[in-house]
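**Q** Before I ask anything, let me first share the structure, which is written out below as structure tokens.
The values are calculated or read from the model by the stated rules, or taken from the named source; none is laboratory data. All figures in this text were calculated on a predicted structure; none of them were measured in a lab. Quick reminder, even Gly has a Cβ in these numbers, built from the backbone with ideal geometry, and neighbours come from all protein chains shown. Surface accessibility is based on the protein's heavy atoms, side chains included, excluding ligands, DNA and RNA. Shrake-Rupley method; radii C 1.70, N 1.55, O 1.52, S 1.80 Å.
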Amino acid sequence: MPIAIKTGEEIAAMRVAGRLAAELLDWLAPQVQPGITTGEIDRRAHDYQVNVQQVVPATLNYQPPGHRPYPASLCTSVNHVVCHGIPGDRKLKSGDIVNIDVTVIKDGFHGDSSRMFCIGAPSIQARRLVDTAYAAMWKGIRAVRPGARLGDIGQAIQEFTERHHYSVVREFCGHGIGRQFHEEPQVLHYGRAGTGALLEPGMIFTIEPMINAGRAAIRCLADGWTIVTADHSLSAQWEHTILVTADGHEVLTVSPGTPAPPSD
Ligand code: MF3
Ligand code: CO
Ligand code: CO
């Protein structure tokens, strides 16, 4: 299957889904405080999605081949959890960093975004990792334009990350998105400029680099979903859904609370 070029109507629907994902993160942000459990965040987010936004939480019972159904309406990945952390009884405490990853389905179209939250007072190292991961995502986003290649995105993220002495997780990547949660292409967060598929206006995909403070290697826990760093170092991730436009890119997962792009 080639990479889909979305029609004007599909793009309009993806703008709505993207905005709703971002607004869900906005709504959650003030509630992500010391003492709340990740399970409580999930319950509140589930109700808000279903009752207020009238969207379908895409992660709930999501079951790719070889996996058991994912049991929650978002992912919460705390500290050394890289991604796909399952909400539960864990209480967030001052100093924790947590990624909240939400994917909503509105009128059949998916919007996928995640942000990092620092609980109370994070360490300087944790703050630096979170900020560097954010800037790494934006290095990738800024490489998106017609005529660029997927490898340009990967190289931009990898070079920036490794220059800061962090590592890029290899096993998970960004992805095309639309009526399906995960479509072609795979958007690697490492690689070589000038390689890979050519970007064309109308393509929509996520950029969501997972950046580790230590080594890149990961492990999957016995729950079949939770991915952790093999060396237990901290990990951070941000995600946006991006449209390739005639003259560059448009971030679809935007809302009033979306953090500003870094200045560089
Ligand atoms: N939202 C994740 C992504 O960015 C996927 C989560 S799948 C789940 O692609 F099943 F773990 F929720
Ligand atoms: Co994604
Ligand atoms: Co996501």
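**Q** Scan G202, G95, G196 and give me the residue that is within 20 Å of S235 (Cα to Cα), over 18 Å from the mean Cα position of the chain (by Cα), away from ligand 3 (no atom under 16 Å from the Cβ) and at pLDDT 95 or above.
**A** Values: G202 fails: within 20 Å of S235 (Cα to Cα); G196 fails: within 20 Å of S235 (Cα to Cα).
Going through G202, G95, G196 in turn, just one is within 20 Å of S235 (Cα to Cα), over 18 Å from the mean Cα position of the chain (by Cα), away from ligand 3 (no atom under 16 Å from the Cβ) and at pLDDT 95 or above: G95.
**Q** A further question follows. Would you please name the residue that is nearest to ligand 1 (Cβ to nearest atom), looking only at residues in segment 218-238 that are more than 22 Å from G95 (Cα to Cα) and surrounded by 15 or more Cβ atoms within 10 Å (Cβ to Cβ)?
**A** For segment 218-238, the residue satisfying everything is W225.
**Q** Still on this structure: Go through segment 128-158 and report how many residues are open to solvent by 40 Å² or more (accessible area, probe 1.4 Å) and farther than 21 Å from Q186 by Cα.
**A** Adding up the residues that qualify gives 2.
**Q** Continuing with this model, one more query. I'm trying to understand the selection: among the residues of segment 44-89, which are farther than 28 Å from A126 by Cβ, open to solvent by less than 70 Å² (accessible area, probe 1.4 Å), in a loop (DSSP other than H, G, I, E, B) and touching a strand residue (DSSP E or B) at 6+ places or on another chain (Cβ under 9 Å)?
**A** V55, A58, Y62
**Q** How many of the residues in segment 93-140 are outside any strand (DSSP E or B) and among the polar types (S, T, N, Q)?
**A** In the first step, residues of segment 93-140 are kept if they are outside any strand (DSSP E or B); the result is 93-96, 107-108, 119-140.
Narrowing the set further to residues that are among the polar types (S, T, N, Q) leaves 94, 123, 125, 132.
Of the residues in that region, 4 qualify.
**Q** Search segment 95-108 for residues being acidic (D, E) and open to solvent by less than 30 Å² (accessible area, probe 1.4 Å), and hand back the single one that is nearest to E208 (Cα to Cα).
**A** The selected residue is D101.
**Q** Okay, next question. For segment 184-264, list the strands (runs of 3 or more DSSP E) that sit wholly inside it and hold at least 1 residues that are of a type in the set (K, R); which are they?
**A** Once the strands (runs of 3 or more DSSP E) in segment 184-264 are filtered for at least 1 residues that are of a type in the set (K, R), what remains is 218-220.
**Q** Give just the number: which of (1) closer than 30 Å to P2 by Cα; (2) within 16 Å of ligand 2 (Cβ to nearest atom) does M116 not satisfy?
**A** Only one criterion is unmet by M116, namely (1).
**Q** Shifting gears a bit: So which residues in segment 206-225 are out of contact with any Cys (no Cβ under 7 Å at 6 or more places or on another chain) and touching a residue at least 60 places away in the same chain (Cβ under 8 Å), if there are any at all?
**A** In the first step, residues of segment 206-225 are kept if they are out of contact with any Cys (no Cβ under 7 Å at 6 or more places or on another chain); the result is 206-209, 211-225.
Listed by number, the residues that qualify are T206, I207, E208, P209, I211, N212, A213, I218, D223, G224, W225.
**Q** Moving on to the next point. What are the residue pairs meeting all of these: first residue in segment 10-22, first residue in contact (Cβ under 8 Å) with a residue 40 or more places away in the chain, second residue crowded, with 22+ Cβ neighbours inside 10 Å and among the basic types (K, R), Cβ atoms under 6 Å, and 6 or more apart or on different chains?
**A** Within 6 Å, no pair qualifies.
**Q** Do we have any residue at all in segment 163-179 that's part of a helix (DSSP H, G or I) and open to solvent by 30 Å² or more (accessible area, probe 1.4 Å)?
**A** Yes, because at least one residue in segment 163-179 is part of a helix (DSSP H, G or I) and open to solvent by 30 Å² or more (accessible area, probe 1.4 Å).
**Q** On to the next question. When you scan segment 109-127, how many residues do you find that are touching a residue at least 24 places away in the same chain (Cβ under 8 Å) and open to solvent by 30 Å² or more (accessible area, probe 1.4 Å)?
**A** 5
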